[in-house]
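Values in this text are rule-based calculations from the coordinates and carry no lab data. Nothing here was measured: the structure is a model prediction, and the numbers come from that model. Here the Cβ positions follow ideal geometry from the backbone for every residue, glycine too, while neighbour counts run over all protein chains shown.
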Amino acid sequence: MDKNTITVGQTKTIGMCSVGAICRAGSECFVPCDISFWKDKAGKPLGKPIAIVREHLKIWLKHKGFQDVELLKPPTLTHVKNKLLGNKIPVVRFPSWMVCQKCGRLHYLPWMGKKSNSVEELKCDTSRAKKICNGKLEFVTWVLVSGNGWLDDLPWANMAHYDEAANKNCRSKDQLTLKRDPHGRLTLKCDACQSQPLNLSGLRNKDFFTNRVQTMRSQPWLLERKNLENDPPVAMPLTDARIHFADIASALDIPPESRINEHDIRAKIRQHDDYQIIKDLKNNNSRTVKRTLKKIARHFQTSKDEVKKALTDLNEGWPNYGIQADTVKSENEMLEAEYKAICTEYKDIQQHERFITEHQTAQWKDYLESEDIPEKTIKTGKAIEKLIIINRLREIQVFCGFTRQVGTRGNLIGPALGKKTDWLPACELYGEGIFFSLDEKKVSQWESDPLCRDRAKTIQKRLKTSAFVKNQVKATPRFILLHTIAHQIIRELEFTSGYPVSSIKEKIFCSETINGILIYVAVPNKMGSLGGLSEHGKPDSFFKLWIKAMAKADHCTYDPICAEHEGQGPDQLNRAACHGCSLLPEVSCIYNNCLLDRQFIIGNGVNHMKGFISFIQNQP
């Protein structure tokens, strides 16, 4: 393996290891640069284009400010004869400081000028009493973050001289010591000028750096320092989730686009390395274009005329199906289109299609009528209105930027840091899933209860001042119910499907007139997933899954504390929901494990609010 290369999964490059994120890989710590740096030597963007993109997604990206952008897959590396071939995403090591685990000496860019590029081999070279310390170096665990999305190192050298009695003229960077005093408090001291140790117990206070830091780098890979605005920056631990939230636009591939054969010559040409050279037919008389046309025709074993015809179709918007821009104004409308596609039974399905469903609703109702099941359990089963297996699906995820949450601020930073871009990084994922919806009439009756509405309003008030959840989401009784049910189902599937819970994802379909939950797995491999999840969409398997999940929602190892909690989790956006009963790994929940409350399922015995399941069970 090349020592200058760190490998991560392709989907992570638009998520937890996307532009601006602090990523850990073994002993390494780094931040990916913005996409204006993702270019080859000729200045062309790295990565191959995604040929078939749902028109709804293109329109939604326009609403987000990305006009006529191409979606390119992140660059990849392949092993060929013990060598790595391909392109890499540029990254920078960050933080710039490391600390000795033995003596506490701070080292600035200690890897510079070293023969080895590995931080694992870095040792402290501080000499004390004629002995070299030789302690292991590790990255410091604190960084500087501002509300406008900036990220920089803590100004350790300046901080060591914050004390009024300190030598303000000392500029030493190589004699700073970070260690704990006899009382266990973290302190910073400059040994060069023997200043008084600075007590860092208040480091996390929001006004610790007020009037102390006037400039900082906007991002770790940029050298220029800029003047700060009104809000002072704050110190955050490297592992703080608020440092980076990736803004990802996600869309399922649904008809009509999903019915297009990806082996169509137009799709193949769209993904060819030389497509950019020949896509503009106005220059088709140039020698370069003629030579490239011939090369592509030979590559696909077709004629130059066929290539030209395919290019004409591509330039006219293939596969554009004439969807009007004003028909998709929000992400919720995109979800509604997916909901309709899932609930529609398509005929004459071809093997090449990327959206294949198997409707089980009729079989589900027959199963409930045919089995000898207790009445209360039957009523719990009848809460389900639709049951649909999705044997094959394709999802496109697009990286649209990131935010850093400081206080109530969280400005969206674009993938190119505000610079104009004609492309965005995106991934194609393939998999399977289970979709189910609740009895719409029963949901409408249940959510009209004033007790339910009042409980949800408390969360909605907190949501308005939080940046932990997308703006389009509203904390209604319906949404919190659906979201909590989705988490209960996923947690139960961990024991029955063979998939780790971190690989299972959710999509919540929620409006005033529709409800639905899609539980699915999706991976970059075109072969898709293993098939174990969709099997649980069969009526007998799903019935066991549903009953067990709803029964477990009634209990938490931290009850009664969890059940009676007034607010927990980020910005107190959860009520009766914790790690013991409802939370999932970060990658499984697009709502950052927020807006969860088991009492919307099981009810509240104190104020007699009915949970949805208890409401169903008490229906005549």
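Below, the figures for the structure above:
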{"item": "Residues of type aspartates and glutamates that LYS295 reaches as a straight line, Cα spacing below 20 Å, ignoring anything fewer than 8 places off in the same chain", "result": "ASP264, ASP273, ASP274, ASP280, ASP305, GLU306, ASP313"}
{"item": "For the chain, with +1 on Lys and Arg beta carbons and -1 on Asp and Glu, the positive-most of CYS17, GLN397, ILE254 along the dipole", "result": "CYS17"}
{"item": "Ascending count of other beta-carbon atoms within 10 Å, so fewest first, for HIS608, HIS56", "result": "HIS608, HIS56"}
{"item": "Exposure proxy ranking, count of Cβ atoms within 10 Å, fewest first, for PHE600, PHE139, PHE612", "result": "PHE139, PHE612, PHE600"}
{"item": "Residue pairs, from the table LYS179/LYS464; LYS347/LYS474; LYS41/LYS206; LYS39/LYS347; LYS114/LYS189; LYS12/LYS544, whose Cα atoms sit over 32 Å apart", "result": "LYS179/LYS464; LYS347/LYS474; LYS41/LYS206; LYS39/LYS347; LYS12/LYS544"}
{"item": "Calculated FRET efficiency for the pair ARG287/GLU566, C-beta based, R₀ 56 Å, to 0.05", "result": "0.15"}
{"item": "Which labelled figure in (i) 3, 14, 22, 22, 18, 13, 6, 2, 0; (ii) 3, 12, 17, 18, 16, 12, 10, 7, 4, 2, 0, 0; (iii) 3, 17, 27, 27, 18, 6, 1, 0 is P(r) over Cα pairs in 10 Å bins from 0, in percent, once derived from the coordinates", "result": "(i)"}
{"item": "Gained length - GLU494 relative to TYR162, 0.36 nm times residue gap less alpha-carbon distance", "result": "114.4 nm"}
{"item": "Cα extents of region 354-478 along the three principal axes, largest first (Å)", "result": "63, 43, 18"}
{"item": "Region 408-472-region 191-205 distance, computed between alpha-carbon centres (Å)", "result": "42 Å"}
{"item": "Model label zone, ASP274; criterion: amide N under 20 Å from point 7 Å along Cα-to-beta-carbon; scope region 6-50", "result": "40-50"}
{"item": "Label point distance in nm, TYR346-ILE132, each placed 7 Å from Cα along Cα→Cβ", "result": "6.5 nm"}
{"item": "Cα centre as origin, Lys/Arg/Asp/Glu Cβ charges: region 43-173 dipole, Debye", "result": "640 debye"}
{"item": "Principal axis box of region 109-248, alpha-carbon based, largest edge first, Å", "result": "51, 40, 30"}
{"item": "Total charge dipole magnitude, the chain, about the Cα centre, Cβ charges on Lys, Arg, Asp, Glu only, Debye to nearest 20", "result": "2740 debye"}
{"item": "Cβ-based exposure ranking for LEU335, LEU203, in which fewest neighbours within 10 Å come first", "result": "LEU203, LEU335"}
{"item": "Alpha-carbon centroids, region 560-592 and region 80-107: separation in whole Å", "result": "35 Å"}
{"item": "Stretchable slack from SER201 to LYS48, in nm (0.36 nm times residue separation minus alpha-carbon distance)", "result": "50.2 nm"}
{"item": "Hz values of 3J(HN,Hα) by residue in region 82-92 - Karplus curve (6.51, -1.76, 1.60), Gly and Pro given as x", "result": "6, 10, 9, 10, x, 10, 10, 7, x, 9, 10"}
{"item": "Integer Hz, Karplus 6.51/-1.76/1.60 couplings in order for region 226-236, x for Gly and Pro", "result": "10, 6, 6, 7, 5, 6, x, x, 10, 8, 9"}
{"item": "Integer Hz, Karplus 6.51/-1.76/1.60 couplings in order for region 514-525, x for Gly and Pro", "result": "10, 8, x, 10, 10, 9, 8, 10, 8, 10, x, 5"}
{"item": "For region 130-222, size of Cβ-based charge dipole, Lys and Arg +1, Asp and Glu -1, in debye", "result": "260 debye"}
{"item": "Inter-part distance where region 114-137 and region 596-620 are each reduced to a Cα centre, Å", "result": "61 Å"}
{"item": "Mean residue ellipticity (222 nm) of the chain, computed from DSSP H runs ≥ 4 via -39,500 (n - 2.57), nearest 500", "result": "-7000 deg cm²/dmol"}
{"item": "Cα point-scatterer Debye curve for region 42-135, base-10 log of I(q)/I(0) at q = 0.16, 0.19 Å⁻¹", "result": "-0.85, -0.98"}
{"item": "Extension gain from MET112 to ASP540, taking 0.36 nm per residue of separation minus the Cα-Cα distance", "result": "147.9 nm"}
